[in-house]
Every structure is written in C-alpha cells, then in structure tokens.
Amino acid sequence: GEAGGEGGGEGGGGGEGNGRGGGGRRGGREAIARVVRRGAFADQPARVHAGALDGGRRGGQFRLRLPRLRGVQHLWDRRERRGVRRAATIGCGYMLILLTHMSVLPKPLPASGLTKGSTVIPTIARRDGGNVEQMLRKREEMLSAGLYPGVDYLIEDVSTQGGGVVVSVRPAYDLVKKLERSDWPVSVPFSLAPRWYTPRAYNTLVASFAALIAVGWLAVGALLASALTLSVVPSDSMLPAVQRRDVLLVDKVSPRLGWRPESGELVLFRPPDALREIVRRQSAVAGGGEGRGEALFLKRIAARGGDAASPPEVEVFPDGAATIDGRRIRSAVAADSPVARFVAPTRFSLADDAYVVLGDNEAVSVDSRCWGPLRQREVAGRPLLRVLPPGRFGVVK
C-alpha cells in the first residue's frame, strides 16, 4: 500500500489519483502494526509480499506473508507432521470409542429381572468403582457363598425374605474340582453380587473392554513412536564410540521443543540436500554405506553458530583438514581413504542456526567437510541409550 501511495495511488484499491493512494498507505501501515502489536511475531519483522508492490494493477490486492514461529517450525516437517497427525487421529478415535462405550454399556439386571429358569452371571464390577480392599472383601464373600464372579448360573428359584430378594442358583455347567460344592443349589441374597448380567450382556461388556484396552495401547504406541524411535547404525563412521549395527534409542521430541545440541554431543539428523545428492550418486559411502537419503545420520557436533559475537569462520582444505577461526579441528586424511573423494574444499561463515558436524572415524566419515553446515531444522533427535547389543547397553557418549 505504501509503495502504491508513493507511486501515485496504485496501491489504494487500484484507483486513480494521489488521494486514494494515501488510503492504501495508511491501510498497509495499520495492518502491519496490528500484527506486531499482537506480539506473536515481535521478534521477526513481517514481510510484505512482492504482489503488494503492484497492488493497483491487481485491483488493490494487499498480501502479507508472515514468518513461521522459530520455536515450532520443525514440528511440521513433513515426516513429523504425519506422525503427529497419526497419533492425534488414534487419540481422538480412542476418546470417541471411550465416550461411545460409556454411553452404550450393557445394563445390569434389576432384582425384578431375575426369573426362574433363566441364566445369569454375577460380577463384582461396580460403576462407582470402590477401592481395591472393598472389592477383595466382596469377592471373598461371594466365593464363600458359592457365587463365583464370571460363572454362568441357572436360576432355580427366586423368593423374598425379610424384604430382600433371595436367589437359588447352581452353575450352568460343570466346574473345576476345586470350585465344585456338594450343596448345590445355593441360596444367596440378590445384594451379594454388585451386578448381575445376562450372558449376552456380559460377553458384550467383556469384548468392549478388551477392544478399549487394545485401542488404548495402539494410541500409546503411536504417541511413543512420535517421541521415541530405535535407530540402527549402518556404518563405521562413529567408531569407536558407536559401532556398526548398534541399536540406539532416539529422543525425537527435544528438537521440536527448541533443544540445541552443544559441541561434543551426538546428534541424529535428516540429510541436507548436498548430502542427499551424495547418497543418491553413491549406492554406498563410508566403507559400507551411510544409509539411504531419507534415513537419519549420526554425527558429533564440532562447533555451533550463535555462541560468539561474530560468526565462526570454517575452512575445509582439499586434503580433508578443517579449521574454525584458524583452529584445526580435523587433520588431513590419506589420499586413498574412502572419504577423500568426497571432500569439498570450501570456506564459509557459520550461521546462528547452523552446526559443523564430524564423524569420530575421520577416514570414512562423510560429514561437514563434504557437504557443508547442518541447519537446526534438519536436527531430528539425540541418542539416549544404546539398547543393543546387550553387552554394550548404556548411555552413548
């Protein structure tokens, strides 16, 4: 709008005349001010889309492109977005099933619903729950009276004694020897069992609870899968700290919450474009393969940007040696080493959100010497534990 106003009014709705341009200029200023006042993007200036500069020719269209929030932009990486969406879908489905389950639970039989000749199943389940001690005491009372929870009983008689309903029952089938009694049928008060169900209602109740538990475990598994993963190390680039075929437990939540690895820490990351291109061109690198282009890579942080007043200067030499601000961080490698042909001599300033990552086994590690700096948005997780092999179980350093 401002540009249109200064250019003769083109930004003020596409109209003609300098007066209309002033309205476009004021509208543009107010739109940007409203965004900044909200505070959500106070640390990042709003950027006017290039289309605003020719607003008059587009009928006064004013488009404002807002930057993504720094702290959460990694959360919506394509792969992570799929995992979060899957976990959210399962979680919402679980809640829907739970609510539906609670509303359509089979109803227990009232005393008037017990009729001679029918089959019933007593249970100790109560809608109000009750503490464990009460449930165990009720169970012992039922067992001593010959009323076993979950067993089908045939009603032989229903009577009223002292204002309460008494039921005479016997098992509908033979029981194990330990549970058999010589005094069948037994007469028990209706109130002895917290709930009585028909066989159909009881089976429906058991099946629905089993399904609910299964869906619950699926939801927990989906949530854990979006937070933790197991990663198999396919190469020798991190010897001796991490060996080929080690299985690592990886935390994938910390990078989404703003965690930044320190120098010396191990980090797993998605391959930058330059590394993906190397992997694409080479079916295997680093003496046996660093993995596929979409797999996670494991390296150690050698330096990170943003820690000093001025950006560190990184230089990679043709022989594989590397320095940061003149300090050597990697020695030269032999000309016949597996990594020598991938080394890319360069010099660059390390940005605030970038890292230099190196492998511990410098002779075979395809790292920042070959493809440049690693960006924060490409950091995928950090290893927590080595879970396999069992003899090397423990924290990875």
Among residues of region 333-358 being within 13 Å of Ala322 (Cα to Cα) and part of a loop (DSSP other than H, G, I, E, B), the residue farthest from the chain's Cα centre (by Cα) is Val333
Which is within 27 Å of Ala225 (Cα to Cα) and open to solvent by 20 Å² or more (accessible area, probe 1.4 Å), of Pro390, Pro373, Pro311, Pro345?
Pro390
Does region 124-140 contain at least one residue that is free of Cβ contacts under 8 Å to residues at least 40 places away in the same chain and among the polar types (S, T, N, Q)?
yes
Within region 256-299, considering residues that are β-branched (Val, Ile, Thr) and at pLDDT 80 or above, the one surrounded by the fewest Cβ atoms within 10 Å (Cβ to Cβ):
Ile278
Given (1) at pLDDT 60 or above; (2) surrounded by 13 or more Cβ atoms within 10 Å (Cβ to Cβ); (3) not acidic (Asp, Glu), Arg70 misses just (1)
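The values are calculated or read from the model by the stated rules, or taken from the named source; none is laboratory data. Keep in mind it's a predicted model, so treat the numbers as computed, not measured. No Cβ is skipped: glycine too gets one built from the backbone with ideal geometry, and neighbour counts run over all protein chains shown. Quick note on the areas: whole protein, heavy atoms, side chains included, nothing else; ligands and nucleic acids left out. Shrake-Rupley method; radii C 1.70, N 1.55, O 1.52, S 1.80 Å.
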